[in-house]
Amino acid sequence: MKKLYKKIRKKIILIEPKAPGVHVFSYYPLPRLGNIILGTMLKERGFDVTVIAEEIQPVREEIFDGVDVAGISTITSTANRAYSLADRLRERGITVIMGGPHVTYMPEEAILHADYLVLGEGEQVFPDLVTSLSEGEEVKPVTGLVIRGEEISHSPSPLLEDMDSIPIPDFSIVSGMENKTWNAFFRKDALPVQASRGCPFDCNFCSVTGMFGRKCRHKSVGRVMEEIESYDTKRYNLFFYDDNIAANKAWIKELLREFISRKTKFHWYGQVRIDVAKDEELLELMAESHCDHLFIGLESVNPETLKEMNKNQTYEDIRDGIAAIRKRKIGIHGMFVFGFDTDTVETIKNTISFAKKSAINTVQFMILTPLPGTKIFNEFIKDGRTFFYNWSLYDGHHVTFWPKYLDPLSLQKLQLYGHKEFYSAIGLIKKFLTAHFSEAAIYSYARNFNRLWNSGNKSFMNSLNLITRGLKVNS
Ligand code: B12
């Protein structure tokens, strides 16, 4: 018998759940672009869309009045919160559609809390799904769509071929975004832009390629310019969310030349690999186009560890790269990860001391996290090394597995020590005395963050202590 589909109203809510605890970017609550792009596509089709990023604007119950469909976007660390929101919404009779990296890699788990899942990129599936629901039409199975009660496929939606088909994100649909300001640290607020997707590398701890592929797909230069020129240069800096904005060197150079020739006033930050420093011309273009900061996955200065994670970069690349970038007065946020199998107390302390002595402006020392979708996720489970499966602990700030040459508590303490050492009181005073005020603000925030993390994680530290002593603890 043919199922009867209920026609839904056109009011749609899209939610990005808040982080489970404090993390290095807590003071800098930027939304991911997924919900905003998909919401913009629905708005263009005539839906009344509100995006709630909980870090920016808390969810209030009355927002659900008159809503028949809600979308929830989640990464692993926010999955528990996403599931509890989804359960609450379904109890109210609201149809729940979930998407994002965690859902893509864990569909069996996620579908217990949702009516539909979209695996991988959402653009080619979600707007049509919501349109079918609103027309009361039968929902047709397509690759990337999981329907509650039907067979679960793990195949994500095929990757979008035409990046220019992605609409310019309409930030006016994000509740509270207009009034949010982060410019205590930087001269202006940051606005997200994604000019490309995908990364040709294959690091064993990263889950990006399963979502966005290893081939770098980018928007045309004209399309990126159209997007950024629609924003207010007086209010915003641009934060490029691309996994590796310099993956295609010819394209990024063309884009930056366009910034320069159009005298674009934006200052910008972006994520790159240290190998950008080998290209003098690229560095010149970055400096000339007002690149303020580069976020660089430096990971470790131990050659064995770099090899183990399949990073394809050497200690010398890091050392020489930092010098070349800082020579151009471009700031560096160095991102490091501790806990690989080749890591020991000594290698981690070497990395911390290298970072302290280097010209890197700010750092984040994260703990290796076996996120679903990474090579190490399956390996650690197979080898019985994972002891915590509480997704709220998968935020790069908590040890969830047995390291090889360290015990879990020591790894945790080394990470805390790293931040304490880098953001020391003396370091803070030096930043003030040398008039580096925005960095001083970050130092002061980082020191406060350490205190907050310690006070909020006493029972976690206790559990880790018990596990390290060989006792069993509920995960
Ligand atoms: C910007 C960014 C940040 C920002 C903002 C974070 C935020 N609000 O969550 C900052 C710097 C603060 C940050 C912090 C962290 N991040 Co981060 N971050 C990113 C980054 C670079 C871009 C996100 C983005 O907007 N992408 C572009 C949009 C278009 O992609 P998308 O949101 O995934 O949406 C697409 C699909 O997922 C799907 N979809 C998404 N939502 C929905 C919803 C519905 C209803 C549907 C149907 C479909 C759908 O369709 C969308 C369009 O195709 C990604 C890497 C990446 N390439 O995505 C990492 C990434 C999301 N971060 C990651 C991590 C681990 C973290 C941290 C935990 C640790 C850290 N690195 O510091 C923290 C935790 C933050 C938190 N929320 O708790 C991981 C998450 C992996 C995972 N499996 O969970 C990623 C994927 C990076 C990686 N190397 O693996 N991050």
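Results, tabulated for the structure shown:
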| item | result |
| --- | --- |
| Test: residue in segment 52-59 that is in contact (Cβ under 8 Å) with a residue 60 or more places away in the chain and closer than 13 Å to residue 113 by Cα | no |
| Search result, residues across segment 143-177 that are within 27 Å of residue 112 (Cβ to Cβ) and away from the ligand (no atom under 12 Å from the Cβ) | 143, 147, 148, 149, 150, 151, 152, 153, 154, 155 |
| Checklist (1) open to solvent by 30 Å² or more (accessible area, probe 1.4 Å); (2) more than 19 Å from residue 19 (Cα to Cα); (3) away from the ligand (no atom under 13 Å from the Cβ); (4) acidic (Asp, Glu) applied to residue 87, failing item | (2) |
| Residue check, residue 394 open to solvent by 60 Å² or more (accessible area, probe 1.4 Å) and touching a residue at least 40 places away in the same chain (Cβ under 8 Å) | no |
| Helices (runs of 4 or more DSSP H) within segment 288-373 that include 3 or more residues within 27 Å of residue 441 (Cα to Cα) and open to solvent by 10 Å² or more (accessible area, probe 1.4 Å) | 315-327, 345-357 |
| Residue list for segment 80-101, restricted to those being out of contact with any strand residue (DSSP E or B) (no Cβ under 9 Å at 6 or more places or on another chain) and within 13 Å of residue 13 (Cβ to Cβ) | 88, 92 |
| Count of residues meeting criterion [more than 9 Å from the ligand (Cβ to nearest atom) and without any contact (Cβ under 8 Å) to a residue 60 or more places away in the chain] in segment 64-81 | 4 |
| Those residues of segment 208-218 which are within 10 Å of the ligand (Cβ to nearest atom) and surrounded by fewer than 21 Cβ atoms within 10 Å (Cβ to Cβ), in sequence order | 208, 209, 210, 211 |
| Residues that are assigned to a loop (DSSP other than H, G, I, E, B) and surrounded by 19 or more Cβ atoms within 10 Å (Cβ to Cβ), drawn from segment 107-122 | 111, 113, 114, 115, 119, 120, 121, 122 |
| Selected residue (only one of 344, 264, 305 is within 26 Å of the chain's Cα centre (by Cα) and hydroxyl-bearing (Ser, Thr, Tyr)) | 305 |
| Qualifying residue in segment 50-71 (condition: modelled with pLDDT of 95 or more and open to solvent by 40 Å² or more (accessible area, probe 1.4 Å)) | no |
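The values are calculated or read from the model by the stated rules, or taken from the named source; none is laboratory data. Just so you know, these numbers come straight off a predicted model, no measurement behind them. Methodologically, a virtual Cβ is constructed for each residue, glycine included, from the backbone with ideal geometry; neighbour enumeration extends over all protein chains shown. Accessible surface is based on the protein model in full, side chains and every heavy atom, while ligands, DNA and RNA are left aside. Shrake-Rupley method; radii C 1.70, N 1.55, O 1.52, S 1.80 Å.
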